[in-house]
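I have placed the structure first, in the form of structure tokens, so that the comments after it can refer back to it.
The values are calculated or read from the model by the stated rules, or taken from the named source; none is laboratory data. If you're wondering where the values come from, they're calculated on a predicted model, not measured in any experiment. For neighbour counting, all protein chains shown are included, and Cβ atoms are generated from backbone atoms with ideal geometry for every residue, glycine included. Accessible surface is based on the protein model in full, side chains and every heavy atom, while ligands, DNA and RNA are left aside. Shrake-Rupley method; radii C 1.70, N 1.55, O 1.52, S 1.80 Å.
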Amino acid sequence: MIELIALPAEQSRGRHNPRVVKRKMSGFPTKARAAPAVTGRIIAADHIRIVAPPPDPVLLPAAVPLAAVSKAAATPAPAPKPETVWRAHICSWQTSGLSRPAYCQSKGLALRSFNAWVARLRNIRRRSRTATQT
């Protein structure tokens, strides 16, 4: 033990995993090499399926068959495009007279996203103007 304390261990010389010094101890645990990297990406959307809850037969009228209700529940209404939603937000912000941060805070929007959509829609409007002028 005195010999081990007397000799300093090797320096790591900038290595992330410094080499292990093994001297005169048979059961000395060494640090394992890095585990191999995981190959491929896991895409959560491929493994998640959203299922509507089954309809409650007590609450349904007697004339409506269950098959018709399940088909209606399986086809939800299409969501509005993000561009139209953000256009509406920008129009209401301009008419409100509030600053961008105040408007975003009152509507629960992310200021960074709001600013990005303002710039994106401004660029789209500029491109359409230049295309009609030429």
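Pull up region 89-98, narrow it to residues that are farther than 11 Å from residue 118 by Cβ and surrounded by 11 or more Cβ atoms within 10 Å (Cβ to Cβ), then point me to the one that is nearest to the chain's Cα centre (by Cα). Per the criteria, the residue is 92.
Listed by first and then second residue, the pairs linking a residue in region 100-123 that is under 12 Å from residue 89 (Cα atoms) to a residue that is among the hydroxyl-bearing types (Ser, Thr, Tyr) and assigned to a helix (DSSP H, G or I), with Cβ atoms under 7 Å apart and 6 or more places separating them unless they lie on different chains, are 103/96. Flag set for residue 120, criterion: in a helix (DSSP H, G or I) and either of a type in the set (A, V, I, L, M) or modelled with pLDDT of 90 or more (or both).
With respect to residue 76, is the statement that it is more than 23 Å from the chain's Cα centre (by Cα), open to solvent by 70 Å² or more (accessible area, probe 1.4 Å) and modelled with pLDDT under 90 true?
Working: more than 23 Å from the chain's Cα centre (by Cα): yes; open to solvent by 70 Å² or more (accessible area, probe 1.4 Å): yes; modelled with pLDDT under 90: yes.
Yes: the conditions hold for residue 76.
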